[in-house]
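Chemist: Next up is a structure, given as structure tokens.
The values are calculated or read from the model by the stated rules, or taken from the named source; none is laboratory data. Because the structure is a prediction, the values reported are computed rather than measured. Every residue, glycine as well, gets a Cβ built from its backbone with ideal geometry; the counts of neighbours run over all protein chains shown.
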């Protein structure tokens, strides 16, 4: 039952992304063409409210559900991975119009094409793991 | 209930995204959906082939459970909240651009959520569908792990936590996305 709360949060995420059309290929295309504020509004509002929320947890004003200080890890400051990895991710995002979270929601619609897409995501993830020591970070 | 089945405006969904972040932090976790892909590869035995997948993935089952919740959310939304046909409320400018340069034949106000290459699995058998689904998926999966996160972990959680690397990664996302959409995609969607 400890897992139930994560199902509920995932469920909230799923309904939201569906109803705001963030899982639509057309919305991502529109975003990269700068033809609507919609996606920038969603991400921007998530960042602004998220910064406030993060600060509340970091400063200890809010503790975790178990009453503990929530820990945040700083990301390592080695730049190639963020630039090259980011560009590769962006190429894929612009092409398929889907970021990883959307795929789970779309699988829920029963459309098998997204199961194939998930397999492709897993192959890409596996390739990274296999090549990790050979590429610059 | 009528308002529920309309396209949710950005300030509603932006607030909900922040709420999702709040709950996951409150539960002592991090918001990062692409990390789930690493968990799945590890659960499938990827650790036998690469050290990267040799980690205690069972501590991350909560993230798989989150993913399961998203699957259920997709099912419930399609079945009960927004039964077909649900149209993507994209701008007239976007419809015009897609029709003029990208080989689409769309009518403003009647744009389906999914383009035809995502409407059935058989499209993967076409060259266009294969590139968008398989090549696109591999790029997203590879890039997300290489950069150390995707839209949820980098663009939202990372920047909200004032992480400069996350901002750099998101700038990378946009360089890649802009190059793809403006210079490469027209050749693919016109196939």
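Chemist: Which condition does residue B:49 not pass, out of (1) at the interface with chain A (Cβ under 7 Å from one of its Cβ atoms); (2) buried (at least 22 other Cβ atoms within 10 Å of the Cβ), if it passes all the others?
Modeler: Residue B:49 satisfies all of (1) at the interface with chain A (Cβ under 7 Å from one of its Cβ atoms); (2) buried (at least 22 other Cβ atoms within 10 Å of the Cβ) except (2).
Chemist: Can we say residue B:187 is in a helix (DSSP H, G or I) and out of contact with any helix residue (DSSP H, G or I) (no Cβ under 8 Å at 6 or more places or on another chain)?
Modeler: The answer is yes for residue B:187.
Chemist: Collect the residues in the stretch A:23-44 that are within 18 Å of residue B:176 (Cβ to Cβ) and more than 7 Å from chain B (Cβ to nearest Cβ), keeping them in residue-number order.
Modeler: Of everything in the stretch A:23-44, those that are within 18 Å of residue B:176 (Cβ to Cβ) and more than 7 Å from chain B (Cβ to nearest Cβ) turn out to be A:28, A:31, A:34, A:39, A:40.
Chemist: Scan the stretch A:118-125 and give yes if some residue there is more than 7 Å from chain B (Cβ to nearest Cβ) and within 17 Å of residue B:35 (Cβ to Cβ), otherwise no.
Modeler: yes
Chemist: Can you pull out the residues in the stretch A:1-20 that are part of a loop (DSSP other than H, G, I, E, B) and within 7 Å of another protein chain (Cβ to nearest Cβ)?
Modeler: Step one: filter the stretch A:1-20 for residues part of a loop (DSSP other than H, G, I, E, B), giving A:1-3, A:20.
Within the stretch A:1-20, A:3, A:20 meet the criteria.
Chemist: Look through B:31, B:52 and report the one residue that is out of contact with any strand residue (DSSP E or B) (no Cβ under 9 Å at 6 or more places or on another chain), closer than 23 Å to residue A:118 by Cα and part of a loop (DSSP other than H, G, I, E, B).
Modeler: The match here is B:31.
Chemist: Looking only at the stretch A:101-117, filter to residues that are facing another protein chain (nearest Cβ under 7 Å) and in contact (Cβ under 8 Å) with a residue 40 or more places away in the chain; which one of those is nearest to the chain's Cα centre (by Cα)?
Modeler: Per the criteria, the residue is A:101.
Chemist: Continuing with the same structure: If the requirement is being at pLDDT 95 or above and closer than 17 Å to residue B:67 by Cβ, which of these qualifies: A:119, A:113? If you could, list the steps in order and put the result at the bottom.
Modeler: Values: A:113 fails: closer than 17 Å to residue B:67 by Cβ.
A:119 is the lone residue from the list that is at pLDDT 95 or above and closer than 17 Å to residue B:67 by Cβ.
Chemist: Still on this structure, I have one more. Look at residue B:147 and say whether it is under 24 Å from residue A:44 (Cα atoms), at the interface with chain A (Cβ under 7 Å from one of its Cβ atoms) and modelled with pLDDT of 95 or more.
Modeler: Considered against the rule, which asks whether it is under 24 Å from residue A:44 (Cα atoms), at the interface with chain A (Cβ under 7 Å from one of its Cβ atoms) and modelled with pLDDT of 95 or more, residue B:147 comes out as yes.
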